[in-house]
Ligand SMILES: [Zn+2]
C-alpha cells in the first residue's frame, strides 16, 4: 500500500473542487454559453467552469477566477499544466477526471485538434 499516494489523492480531490453552482452559472452566462478557449468555434455547448488559478484563497470561488470552456479545452489546459499552482499529481488527477467525463465526440475533437 502506498500511503503517501493515498494522502496526496485526498488532497487532490479537495484542492480542486468545482465552483459553486452560483459562480458556475455566472461564468457561463458571462461567456454567453460560448467556449472561451475556442471563441465558440468548437461548437460544444456543454461547457465547464474552469478555474484559472487553482490556489486556495479568497478568489478561489470568484467568477473572475473562471472561464467557460469545452471539455477538450479544459482537458488540454490540465494536460499542459498551465496553472503552476497545481502540483503534478493534482494536475494529472484533474486531467484524468475530465477525460473520464468526456463524450466520444469530445475525445475525438481533442485528438484531432491538438
Ligand atoms: Zn471549445
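Computed values, structure above
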| quantity | calculated |
| --- | --- |
| Hits in segment 45-67 (condition: within 16 Å of the ligand (Cβ to nearest atom) and either at pLDDT below 90 or farther than 25 Å from residue 87 by Cβ (or both)) | 45, 46, 47 |
| Total residues in segment 53-81, condition within 26 Å of residue 112 (Cβ to Cβ) and assigned to a loop (DSSP other than H, G, I, E, B) | 3 |
| Residues of segment 82-101 that turn out to be surrounded by 18 or more Cβ atoms within 10 Å (Cβ to Cβ) and outside any helix (DSSP H, G or I), as a count | 2 |
| Hits in segment 13-44 - residues which are in a loop (DSSP other than H, G, I, E, B), more than 10 Å from the ligand (Cβ to nearest atom) and farther than 9 Å from residue 68 by Cβ | 16, 17, 18, 19, 20 |
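The values are calculated or read from the model by the stated rules, or taken from the named source; none is laboratory data. Please read these numbers as outputs of a predicted model, since none were measured by experiment. Note that we place each Cβ from the backbone using ideal geometry, even for glycine, and neighbour counts take in every protein chain shown.
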